[in-house]
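The values are calculated or read from the model by the stated rules, or taken from the named source; none is laboratory data. All figures in this text were calculated on a predicted structure; none of them were measured in a lab. Methodologically, a virtual Cβ is constructed for each residue, glycine included, from the backbone with ideal geometry; neighbour enumeration extends over all protein chains shown. Side chains are part of the model used for accessible areas, which takes the heavy atoms of the whole protein and leaves out ligands, DNA and RNA. Shrake-Rupley method; radii C 1.70, N 1.55, O 1.52, S 1.80 Å.
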Amino acid sequence: QVQLVESGGGLVQPGGSLRLSCAASGSIFTSYTMGWYRQAPGKQRELVATITSGGSTYYTASVKGRFTISRDNAKNTVYLQMNSLKPEDTAVYSCKVRVGATDYWGQGTQVTVSS
């Protein structure tokens with residue numbers, strides 16, 4: 001069973017920064033692409049960023065240049081460094097890994113950007 005646990009969310013002012021963490025259980029972590037997603041109230045969940053086992057990254061256009069995804073395989077953890085945060089970044093952020101045909105999700109962490 002794969003378990004993902006996110007942390008690091010909170011309330012931050014516009015222009016501020018947060019770093020989210022997603023800790024994964026098991027030895028599968030190093031073999032799979034990890035992704036960060038977010039869902040704002042009343043909106044569909046969207047992909048924010050992914051990182052492959054080899055370290056290749058992808059970002060959705062709205063966060064390019066502001067967010068950085070990284071992974072520490074020794075700690076089974078993937079991070080999302082979020083800088084220059086905007087009110088429109090407010091959402092529940094969740095990490096996901098696909099193992100075979102099954103998607104595993106964390107419980108999510110709330111990020112609120114407001115003055």
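Within region 79-88, the set of residues being within 20 Å of Gly42 (Cβ to Cβ) and surrounded by 15 or more Cβ atoms within 10 Å (Cβ to Cβ) comprises Leu85 only. Contact map, region 38-53: first residue in contact (Cβ under 8 Å) with a residue 40 or more places away in the chain and more than 18 Å from Ser21 (Cβ to Cβ), second residue open to solvent by less than 60 Å² (accessible area, probe 1.4 Å) and of a type in the set (Gly, Ala, Ser), Cβ cut-off under 6 Å, separation 6 or more or different chains; pairs are Gln39/Ala91; Ala40/Ala91. Taken as a whole, region 89-101 holds at least one residue that is surrounded by 14 or more Cβ atoms within 10 Å (Cβ to Cβ), at pLDDT below 95 and not in a loop (DSSP other than H, G, I, E, B). The set of residues in region 94-115 that are over 12 Å from the mean Cα position of the chain (by Cα) and over 14 Å from Arg38 (Cβ atoms) comprises Arg98, Val99, Gly100, Ala101, Thr102, Asp103, Tyr104, Ser114, Ser115.
May I ask you to list the residues in region 102-115 that are among the hydrophobic types (A, V, I, L, M, F, W, C) and surrounded by fewer than 18 Cβ atoms within 10 Å (Cβ to Cβ)? Hit for region 102-115 is Trp105, nothing else.
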